[in-house]
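Here the structure is laid out as C-alpha cells; the discussion comes afterwards.
The values are calculated or read from the model by the stated rules, or taken from the named source; none is laboratory data. Only a predicted model underlies this, so the values are computations on that prediction, with no experimental measurement involved. Don't worry about glycine lacking a Cβ; one is built from the backbone with ideal geometry, like all the others, and counts go over all protein chains shown.
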Amino acid sequence: MLFKGLVVNIEQMEVMVGEKGWHVFQVVRHPGGVGVLPLHPDGSVTLIRQLRPAVDAIMLELPAGRLDVGEEPAQCGLRELTEETGLVAGRLETLGIIQPSPGVFDEVVHLFLATELSQGEADPEH
C-alpha cells in the first residue's frame, strides 16, 4: 500500500496487459457510497450545495455519502438524505450503481430514488 488515508487508500500493482507486457497501475481504494434523488410530488428535486476543494468549487449535488463498514446501501441512503436535507423518504427505490472513475477508483456508488417525502430536521456534518 502506497498510502493509507482517512477516506481512501492507494495501492500499486503490476498487471499483465495482453502482449504489451506488465504495466504498473495505481488504484484508489474507496469504501463506496450512495446518492439519493429526492423527488417531490410536483416534479422538483432537492439538491445540496457542497464545498469541493479538489475542484475549488461549491457544487450542487444529490444528497450522498460514504458507506460505513457493513452498512447496507439503502440504510446509508436514508441516513444521508435525512442528515443532509432533513427529508424522510417513505419509499426508496434502487436505480442501480455507477462506478464514476473505474480507471483509477474502485468506488461503487449506489443510486436511489426517494419519494413519499416528509420534512424533518437536518443534521449536516460541519
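A few comments on the model shown:
- When the residues of segment 90-126 are filtered to those that are small (Gly, Ala, Ser) and under 18 Å from the mean Cα position of the chain (by Cα), the one that is surrounded by the most Cβ atoms within 10 Å (Cβ to Cβ) is Ala114.
- Taking segment 65-104 as the range and being within 21 Å of Asn9 (Cα to Cα) and hydroxyl-bearing (Ser, Thr, Tyr) as the test, only Ser101 passes.
- Condition check for Val27: in a strand (DSSP E or B) and over 21 Å from Pro100 (Cα atoms): no
- Unmet requirement for His40, which otherwise passes all of (1) surrounded by 11 or more Cβ atoms within 10 Å (Cβ to Cβ); (2) more than 14 Å from Leu117 (Cβ to Cβ): (2)
- Checked against the criteria, Val34 counts as surrounded by 18 or more Cβ atoms within 10 Å (Cβ to Cβ), β-branched (Val, Ile, Thr) and touching a strand residue (DSSP E or B) at 6+ places or on another chain (Cβ under 8 Å).
- Subset of segment 52-98 (residues that are farther than 21 Å from Val108 by Cβ and of a type in the set (Lys, Arg)): Arg91
- Flag for Gly86 being among the small types (Gly, Ala, Ser), over 17 Å from the mean Cα position of the chain (by Cα) and in the same structural domain as Val36 (by TED's automatic domain parsing): yes
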